[in-house]
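> Shown below is the structure under consideration.
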Amino acid sequence: MAHELTLSFVPDTEQRLWRTVTRRKYPLTRDRARWQNQIESLLEEAHIKLSSLVSDLLGASARRMLKALAEGETNPSALAALADTQLRATPEQLCDALGVCTELNPVYRRLLKMALEQLQFLEQQIGQLDQETDSLLREHQDAVQRLAQVPGLGVDSASQIIAEVGPTAATFPSGKHLSSWLGACPGDEESAGVNYSHRSPQGNRHMRRLLNQAANAAVKVKGGIFEIVYRRSVPRLGHNQAIGAIAHRQCRLIWLILHQGVRYEERGPAVSKQSKQARTARMIRQLRKLGYRVEQANSQPSTHTVAR
C-alpha cells in the first residue's frame with residue numbers, strides 16, 4: 001500500500017527561505033491598510049474631510065499635509081499650499097476641508113503623528129522585504145518578468161508565485177496537477193455516480209489568495225481575454241464561481257509560462273501598441289523601484305534586459 005501514497009510537495013531549503021520572506025510581507029501589507037483606515041477614521045472624527053478630496057490618503061500631497069498637520073501647522077491655507085498642482089481639488093476646497101485645523105485638539109495631532117510614524121515604519125519594513133526578495137530571486141528575474149506580463153499579476157505577485165511553486169514549477173507534471181495542488185480546480189465529491197459538491201479543495205492558501213486577487217484584477221482589464229470570459233460566464237455561474245474559473249485558467253497559464261519558458265500574449269481585442277507600451281512602462285517602473293537597471297532592446301520592443 002505504501003507505493004500508492006502520494007508524496008507531499010516539500011520544497012528545498014532555498015525555496016523555503018523564499019517563502020519565508022515573501023509570506024512575511026502579507027501581514028505587513030495588511031497592517032498598512034489597517035493603519036490607513038485608522039488615519040481616515042481619526043480625520044473623520046476630527047471633522048477633517050480630506051479623504052473626500054484626495055483619491056489616495058497616503059499619496060504625496062496628502063502625506064505632506066498630514067505631516068505638517070501632525071507637527072503643529074494650523075493655517076488651512078498653508079496646509080493646502082502643500083498639495084501638488086495636479087491635484088483635482090482646488091485650494092479653496094482644501095482650505096474648506098482643513099478649516100477645522102485652526103481649533104484642532106492637540107490630542108488629535110499627537111495621535112495622527114503616532115499613526116504616521118507607525119505607517120512609515122511598516123513601509124520601511126515592506127521595502128526591506130522587497131529588496132530581500134529581489135536579492136534571493138536575482139537568478140530567476142526572467143521568470144519573474146514573464147509572469148508579471150500576465151494580466152492581474154505584477155512583479156510582486158510574480159515573485160510570490162515563484163517562491164511558492166518554484167522558478168520552473170518542475171514538481172508538477174502538468175497545469176492540472178498544479179491547479180489541483182493549489183485548490184484552484186472544482187471539487188469532485190462523488191458517491192454512487194452522484195456528484196454532491198463542486199467545492200474546491202483547500203490547497204495552498206497563500207497561492208489561493210494570490211490567484212483570487214489576480215483574477216479580480218484581470219477581469220477589470222478592458223478588452224482583455226479574461227474580461228471577455230468573465231462577462232460570458234458570470235450570468236450563469238455568478239461572480240464567485242466566475243472568478244474561480246478565471247483563477248483556474250490563470251493557474252494553468254502560470255504553469256505553461258514557468259514550465260515551458262514561454263511568454264504571455266494577449267489575445268483579446270485590447271491588444272494594441274499603446275496598451276503594450278503602457279504595460280511595459282509600468283513593469284519597468286516596478287523593476288527599477290526594486291533597484292534593477294532595465295534597458296529596452298531596440299529589435300524587440302517587448303523584451304528587456306534586466307541587470308543590477
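The values are calculated or read from the model by the stated rules, or taken from the named source; none is laboratory data. Given the structure is predicted, the values throughout are model-derived calculations rather than measurements. Cβ atoms come from the backbone with ideal geometry, glycine included; neighbour counts cover every protein chain shown.
> Show the residue pairs that are 6+ apart or on different chains and have beta-carbon atoms under 7 Å apart, the first residue being within segment 218-240 and of a type in the set (Ser, Thr, Tyr), the second being assigned to a loop (DSSP other than H, G, I, E, B).
Here the result reads 230/219, each pair linking segment 218-240 to a residue that is assigned to a loop (DSSP other than H, G, I, E, B).
> I want to confirm something. Restricting to segment 129-185 and keeping residues that are without any contact (Cβ under 8 Å) to a residue 60 or more places away in the chain and not in a helix (DSSP H, G or I), which single residue is farthest from residue 25 (Cα to Cα)?
Out of the qualifying residues, it is 173.
> Considering 55, 51, which residue is over 30 Å from residue 263 (Cα atoms), of a type in the set (S, T, N, Q) and assigned to a helix (DSSP H, G or I)? Lay out the reasoning, then the answer.
Values: 55 fails: assigned to a helix (DSSP H, G or I).
Only one candidate qualifies: 51.
> Then there is this: Can you pull out the residues in segment 110-128 that are without any contact (Cβ under 8 Å) to a residue 60 or more places away in the chain and under 11 Å from residue 21 (Cα atoms)? Give the derivation first.
Filtering segment 110-128 for residues without any contact (Cβ under 8 Å) to a residue 60 or more places away in the chain gives 110, 113-114, 117, 120-121, 124, 127-128.
128 - this is the single residue of segment 110-128 that is without any contact (Cβ under 8 Å) to a residue 60 or more places away in the chain and under 11 Å from residue 21 (Cα atoms).
> I need the helices (runs of 4 or more DSSP H) fully contained in segment 59-99, keeping only those with at least 3 residues that are more than 18 Å from residue 47 (Cα to Cα) and without any contact (Cβ under 8 Å) to a residue 60 or more places away in the chain.
60-70
> Assuming residue 6 fulfils every condition listed in (1) closer than 30 Å to residue 158 by Cβ; (2) at pLDDT below 90; (3) among the β-branched types (Val, Ile, Thr); (4) within 31 Å of the chain's Cα centre (by Cα) apart from one, which condition is it?
That leaves (4) as the condition not met.
> Quick check on this structure: which one of 229, 219 is surrounded by fewer than 18 Cβ atoms within 10 Å (Cβ to Cβ), under 27 Å from residue 169 (Cβ atoms) and either at pLDDT 85 or above or of a type in the set (Phe, Trp, Tyr) (or both)? Lay out the reasoning, then the answer.
Details: 219 fails: surrounded by fewer than 18 Cβ atoms within 10 Å (Cβ to Cβ).
The unique qualifying residue is 229.
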